[in-house]
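A quick write-up on the structure given underneath.
The values are calculated or read from the model by the stated rules, or taken from the named source; none is laboratory data. Worth saying up front: this structure is predicted, and the values here are computed from it rather than measured. Quick reminder, even Gly has a Cβ in these numbers, built from the backbone with ideal geometry, and neighbours come from all protein chains shown. SASA here: full protein model, heavy atoms, side chains in, ligands and nucleic acids out. Shrake-Rupley method; radii C 1.70, N 1.55, O 1.52, S 1.80 Å.
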Amino acid sequence: MENWQLEVVELHAFFEAYFRGELAAGDVDRFERVLAAGFTIVAPGGGVSSREQTLTAVRANHGAAPELRIRVEDAELLIPGDGSSTGDGGLLVGRYVEVHDSPAGTTRRISTVVMSPAAEAPNGLVWRTVHETWLG
């Protein structure tokens, strides 16, 4: 598994544990460390949230979904981000499907992520932006 894929899987494992209440309330250090300063996310419904708005929303949902299961499928590297020929400064672009299973049913979204290198981050990458779209 490539570092970017490992980062996607590990971050979603964090979300699952946090939303299930298996981590201490407010224990979002791992999440904070991997969000770049200018991070944004486009949610499946079209709303755009900043880094701070995203952190606030995650903190507010501690233990809100005790039976939630999250898995990542079909991870695909779209742009490798080596910076050698595109002038991208190391930015990489990946796409994956995020699946949420809960007693209310299953939802699926396809996500495109832009990451950049950061030596201090758990898998050597930080999240710059994510764009999510509902799948039928």
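Quick look at the values:
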| read-out | value |
| --- | --- |
| Largest-first ordering by accessible area, 1.4 Å probe, given options 62, 12 | 62, 12 |
| 3J(HN,Hα) from dihedral phi, the stretch 119-130, Karplus parametrisation 6.51/-1.76/1.60, rounded to Hz, x for glycine, proline | 4, 7, 7, x, 10, x, 9, 10, 8, 9, 7, 9 |
| Mean accessible surface per residue for the chain, computed with a 1.4 Å probe while every protein chain stays in place, in Å² | 51 |
| Percent accessible area from carbon and sulfur atoms, the chain, protein chains only, probe 1.4 Å | 53 |
| Net +/- balance of residues flanking residue 59 in space, Cβ distance below 11 Å, scoring K and R +1, D and E -1 | -3 |
